[in-house]
Amino acid sequence: MPRASRWQYMQLAGAVLRSLPDDLDANVAQRLIKNQWLLRSILREALTPKSGSSNIDPINIYPIAVDYDRSIEDEVRVGRYDWFSQDITSEHFPTAQSGKTEVQVELIPIERYTSFNEAIGGLNGMGYRPANLHELLAFGRRYRGVQRDFQIFADSVWQSWNGTRYVAYLYGDLLRRCLGLNQIEIGWTQNCRFAAVHKE
């Protein structure tokens, strides 16, 4: 793999500077100023992950092929999950879409504890729409290891018999991969990612 050019380094430095959060804690900032080896370590880990050390694409773009004519049950089967909710079915998550398409999924981090509506509103404001269940399952089928690092949510909603609303999500650890349902009212934490697609 070719190394980045000096010009690319200069462009990247400017991009990093512009992307620094404006609400950075003063103590964290001072710690990084005094311990630049720590800052270098953080940047190196983020930008040059060791081969096999992470399932995450550092560019955060995941192309997927989606087949809306394939049933939810079939998508779950070919996803080969170690455990999945029996309520994730075509009956509970119907779709009006059909045919095949290709999209690029990005994983948008949740920076603080937030509600479902706040998260969706934040995505819309950034020019994204949340992925639907077919897209989430296509993602899980192709990029099997990513859910070991994060909980990854879609926006397809199912309401149970008692009125509780759920969304599907991918999660797991080193030993297993799972496909579950999360109550919308519970909210999301910093270990969560929304699977999102840039609006055309």
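The values are calculated or read from the model by the stated rules, or taken from the named source; none is laboratory data. Everything quoted here is computed from the prediction, not taken from an experiment. We place every Cβ from the backbone using ideal geometry, glycine too, and count neighbours over all the protein chains shown.
Residue-by-condition table, conditions (1) assigned by TED's automatic domain parsing to the domain that holds Y68; (2) within 15 Å of S85 (Cα to Cα); (3) small (G, A, S):
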{"site": "P109", "(1), (2), (3)": "yes, no, no"}
{"site": "N117", "(1), (2), (3)": "yes, no, no"}
{"site": "L123", "(1), (2), (3)": "yes, no, no"}
{"site": "N132", "(1), (2), (3)": "yes, no, no"}
{"site": "A138", "(1), (2), (3)": "yes, no, yes"}
{"site": "Y143", "(1), (2), (3)": "yes, no, no"}
{"site": "S156", "(1), (2), (3)": "yes, yes, yes"}
{"site": "G163", "(1), (2), (3)": "yes, no, yes"}
{"site": "I186", "(1), (2), (3)": "yes, no, no"}
Exercise for review: Of the conditions (1) in a loop (DSSP other than H, G, I, E, B); (2) farther than 25 Å from S71 by Cα; (3) not polar (S, T, N, Q), E91 clears all except one; give me its number.
Suggested key: (2)
**Study point:** Leading residue by the ranking (surrounded by the fewest Cβ atoms within 10 Å (Cβ to Cβ)) among those in the stretch 73-98 that are more than 18 Å from V167 (Cα to Cα) and among the acidic types (D, E)
**Key:** D82
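Considering only the stretch 134-150, state which residues are within 12 Å of R177 (Cα to Cα) and either more than 9 Å from the chain's Cα centre (by Cα) or assigned to a loop (DSSP other than H, G, I, E, B) (or both). Working first, answer last.
Of the residues in the stretch 134-150, the ones within 12 Å of R177 (Cα to Cα) are 140-141, 143-150.
Within the stretch 134-150, G140, R141, Y143, R144, G145, R148, D149, F150 meet the criteria.
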Exercise for review: Write out, first by first residue and then by second, each pair whose Cβ atoms fall under 6 Å of each other, whose residues are 6+ apart or on separate chains, and whose first residue, in the stretch 115-132, is closer than 14 Å to V157 by Cα and at pLDDT below 80 while the second is among the aliphatic types (A, V, I, L, M) and surrounded by 13 or more Cβ atoms within 10 Å (Cβ to Cβ).
Suggested key: F116/I184
Review point. Does Y81 satisfy the criteria of being touching a helix residue (DSSP H, G or I) at 6+ places or on another chain (Cβ under 9 Å), among the aromatic types (F, W, Y) and modelled with pLDDT of 90 or more?
Key: yes
Exercise for review: Answer yes if at least one residue in the stretch 94-114 is within 24 Å of the chain's Cα centre (by Cα), under 23 Å from C192 (Cα atoms), aromatic (F, W, Y) and modelled with pLDDT of 75 or more, and no otherwise.
Suggested key: no
Practice item. State whether one or more residues within the stretch 151-174 are buried (at least 17 other Cβ atoms within 10 Å of the Cβ), more than 11 Å from the chain's Cα centre (by Cα), at pLDDT 90 or above and more than 23 Å from E118 (Cβ to Cβ). Key: yes
Review point. Say we look at the stretch 3-33 and pick out the residues that are polar (S, T, N, Q), in a helix (DSSP H, G or I) and over 15 Å from L43 (Cα atoms); which of these is modelled with the lowest pLDDT?
Key: N27
